[in-house]
Amino acid sequence: MDLGLAGKKALILGGTRGIGRAIADTLAAEGVDIGLCARNGDQVAAVVSALQAKGVQATGAAVDVMQGDALKSWIGSAAATLGGIDLLISNAGAMAQGFDPASWRQNFELDVLAAVNAFDAAEPYLKTAAEAGDASFTVISSISASVADQAGSYGPIKASLIHMAKGLARQHARTGIRVNTVSPGMVYFEGGVWHQVEQNMPDFFKKALARNPTGRCATPDEIARATVFLASPASSYTTGSNLIIDGALSNKVDF
């Protein structure tokens, strides 16, 4: 299937590790020019170099996405370098699990406000892209948005992203800017959260894994391929959707 992505321009928040890096690699394989940001400048430079070696234009910068002005400035600069924005993907996440005010604040500022500020800065470019055919804003949420085993800040913040995306999708449907979310379950990669859990809490890791009917975690590539399809012109009538990719971990039914 031709996803219609060749020559498109994509920006990724949190694009150096795990799901974000896999999304960048998948997009590059489709011929997409990429701008990405993350906090670690050395990691950003390494990924930009690797993407350029794949034959696409790539740019990146060390950006703290909780700094709204800095994030907006980078988006404008990256759009100028790439020649526009067709796809915006927000993958940045704090992963704070506590119920304390600091965890709530960190999750809100990094997950929600970063996505809000990114869309605000990218909207004019996305609107131009939509007028030429298709534009999309895709937010990585989590299956934790619909699971409440105990009180915590992570799940509710991820749920708010889904609610926000639905509103944006309806608001911008007539302009052609599509907005969707992807909600992964357990995703395993070296250095990632579940790798750390496996190393530090092996019994808990085994119990968590046993809850999944597939008996395994997802790979970043599995999440990335679905995300790229959802963000691509091949999915041009899909907006306001939340794609759950959890290996049937959850038993919720959506009608």
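Against the 2.2 N^0.38 Å scaling, with N counting residues, where does region 105-255 land? I'd like the Cα-based Rg ratio to two decimal places.
1.12
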Legend entry - Relative packing of 192-198, 243-249, which averages over residues the other C-beta atoms within 10 Å, highest first: 243-249, 192-198
Legend entry - Over region 170-255 - Rg/Rh using Cα atoms and the Kirkwood inverse-distance radius: 1.08
Inset, instruction - Between the alpha-carbon centers of region 138-157 and region 185-239, tell me the distance in whole angstrom. - result: 14 Å
Legend entry - Along principal axes, Cα extents of region 4-135, largest first, whole Å: 45, 31, 22
Inset, instruction - Take a quick pass over the chain and tell me how many lysine pairs come in under 17 angstrom between Cα atoms, counting only ones 8 or more apart or on separate chains. - result: 8
Legend entry - Helix-only CD estimate at 222 nm, as mean residue ellipticity for the chain, using -39500 (n - 2.57) per DSSP H run (n ≥ 4): -14000 deg cm²/dmol
Legend entry - Under the Debye formula (equal points on every Cα, no solvent term), log10 I(q)/I(0) of region 1-49 at q = 0.14, 0.24, 0.25 Å⁻¹: -0.31, -0.82, -0.87
Inset, instruction - Using the Cα centre as the reference, give the magnitude of the dipole from point charges on the C-beta atoms of the chain (Lys, Arg: +1; Asp, Glu: -1; all else neutral), rounded to the nearest 20 debye. - result: 340 debye
Inset, instruction - Based on other C-beta atoms within 10 Å, arrange Met186, Met164, Met1 from fewest to most. - result: Met1, Met164, Met186
Legend entry - Taking N as its residue count, the alpha carbon Rg of region 16-83 over 2.2 N^0.38 Å: 1.04
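If you take every residue apart from Thr128 with its C-beta less than 14 Å away from the C-beta of Thr128, what net charge results, scoring Lys and Arg +1 and Asp and Glu -1?
After counting each charged neighbour, the total is -1.
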Inset, instruction - Mind jotting down a quarter of the surface of the convex hull over the alpha carbons of the chain, in square nanometres, one decimal? - result: 13.4 nm²
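Bear in mind that the values in this text are calculations on the coordinates, not laboratory data. These numbers were taken from a predicted model, which means no experiment stands behind them. Every residue, glycine among them, receives a Cβ derived from its backbone with ideal geometry; neighbour counts consider all protein chains shown.
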